[in-house]
1. Here is the link list: LYS38/LYS136; LYS71/LYS100; LYS67/LYS157; LYS19/LYS180; LYS7/LYS63; LYS63/LYS103. Which ones come out longer than 30 Å on Cα distance?
2. Given charges of +1 on the Cβ of Lys and Arg and -1 on the Cβ of Asp and Glu, with all other atoms neutral, how large is the dipole of region 36-189 about its Cα centre, in debye to the nearest 20?
3. Contour minus end-to-end for ASP152 and ASN135, with contour as 0.36 nm per residue of separation and end-to-end as the Cα-Cα distance?
4. Just to check I understand the Karplus step: with θ = phi - 60° and J = 6.51 cos²θ - 1.76 cosθ + 1.60, what whole-Hz values come out for region 54-61, glycine and proline as x?
5. Label points 7 Å out from Cα along the Cβ direction at GLU4 and LYS38: separation in nm?
6. Efficiency by 1/(1 + (r/R0)^6): what FRET value for ASP22 and SER175, r their Cβ-Cβ distance, R0 = 45 Å, to the nearest 0.05?
7. What are the ³J(HN,Hα) values, in whole Hz, obtained from phi via the Karplus relation 6.51 cos²θ - 1.76 cosθ + 1.60 with θ = phi - 60°, for each residue of region 78-90 in sequence order, with x given for Gly and Pro?
8. Give the shape of region 36-189 as rounded, prolate or oblate, defined through the alpha-carbon gyration tensor: a ≥ b ≥ c are the square roots of its eigenvalues, a/c under 1.5 means rounded, and otherwise the shape is prolate if a/b is larger than b/c and oblate if not.
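The numbers here are math on the coordinates, done by the rules we state, and not lab data. Just so we're clear, the structure is a prediction, and the values are computed from it rather than from any experiment. Backbone-built Cβ (ideal geometry, glycine too); neighbour counts: all protein chains shown.
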Amino acid sequence: MIKELIKLATHLDSKGLSKEADYLDSIIKKEALFSKVKNMTSECSGFSCGKHSVKYYTTDTTKWNGKLYNKATQFFGREVSKDEISFEIAHLICSNVHNKIPKNSWSFLPPHVEGSQNRQSVLGFNVDGGKVTYNKTLTGGWVNAHTGFDWDTFDAKDFQTAVQATVNNYANLLSDPGFKFELIIGHGFR
């Protein structure tokens, strides 16, 4: 799209329509700026029970544009640089989800087992335009290695509800179909 706008601006300039060409140039510059927003990951910690900690990794997979950038800066009520805007939004989800997960829900996950099974339980969720879905294949590269635990029948409803409630708190921002995130909850990290 930017290439076409550049061609049009050049054409308008050649026809002596410099005011119109300058206007298009300003649009081109804004679009080029917003397309360079870096997608970031935020990491947060919590504690579920006993000595087993929980880590949350929220990765922004949004295709940024000027509209989304403006919506995000309005949400924060301040100017947020393009280098930090993605992290700020990822951190919103990451830092607020833990308190929405019922404490008894952790007991449904297999316990952290040391030794040959020194792996955590990993739950993955997609957040797409404000809608949260459980994605058992989204593990961030970690492997659920709990002997005898059937991950195919695991019901992540409580966790999904907690993530959805967190996203709903920011619905005026995150319900925009342009915002897309992945959230990984890892239980059993030390």
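1. LYS67/LYS157; LYS19/LYS180; LYS63/LYS103
2. So the magnitude is around 260 debye.
3. Length gained, ASP152 through ASN135: 5.0 nm.
4. Result, ordered by residue: 10, 10, 10, 10, 10, 10, 7, 10 Hz.
5. Between GLU4 and LYS38, the label points sit 3.1 nm apart.
6. Approximately 0.80, to the nearest 0.05.
7. The phi angles translate into 7, 6, 10, 5, 5, 7, 10, 4, 5, 5, 4, 6, 4 Hz.
8. Prolate shape, in that a/c is at least 1.5 and a/b is the bigger ratio.
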